[in-house]
Ligand code: FES
């Protein structure tokens, strides 16, 4: 069942920006790309690199540690050395509030 929780407000995350939030001990990176907001777990599946510190190319985040790339829209792997997708979260904006679906967060 969906479990949307508020993690930020839109005024905190203008287009082109990113931020990290914490939900139940899990660090989640939020990105605003051209007004659309995306949320991924901020841990690279290759070797736990801090993804939100990497460069963003369009919708591709590059891990600053060894250069793996993931699609921030769905978490899929786009470049070696990672082979496992990262977790991506469904995002909903209600008024000023940014909510993400954390149903799978343990
Ligand atoms: S930790 Fe991200 S590519 Fe190795």
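Values in this text are rule-based calculations from the coordinates and carry no lab data. This structure is a prediction, so every number in the text was calculated from the model and none was measured. Cβ placement follows ideal geometry from the backbone for every residue including glycine, while neighbour counts extend to all protein chains displayed.
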Report the extension gain between residue 27 and residue 2 in nm, rounded to one decimal, defined as 0.36 nm multiplied by the number of residues separating them, less their alpha carbon distance.
7.1 nm
Percent breakdown of C-alpha pair distances by 10 Å bin, ordered from the shortest bin, for the chain
16, 51, 29, 4
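Given R₀ = 25 Å, FRET efficiency for residue 57-residue 93 by Cβ-Cβ distance, to 0.05?
Working: r = 24 Å, r/R0 = 0.96.
About 0.55, to the nearest 0.05.
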Protection proxy ranking, peptides 15-28, 62-75, average beta carbon neighbours within 10 Å, highest first:
62-75, 15-28
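Just rank 56, 51, 30, 99, fewest to most, by other beta-carbon atoms within 10 angstrom. Kindly include the intermediate steps, with their values, before the conclusion.
Working: 56 17, 51 28, 30 24, 99 20.
Exposure proxy ranking, most exposed first: 56, 99, 30, 51.
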33, 93 arranged by Cβ crowding within 10 Å, fewest neighbours leading
93, 33
Determine the relative contact order of region 8-94: mean sequence separation of Cα pairs under 8 Å and six or more apart, normalised by residue count, in whole percent.
21 percent
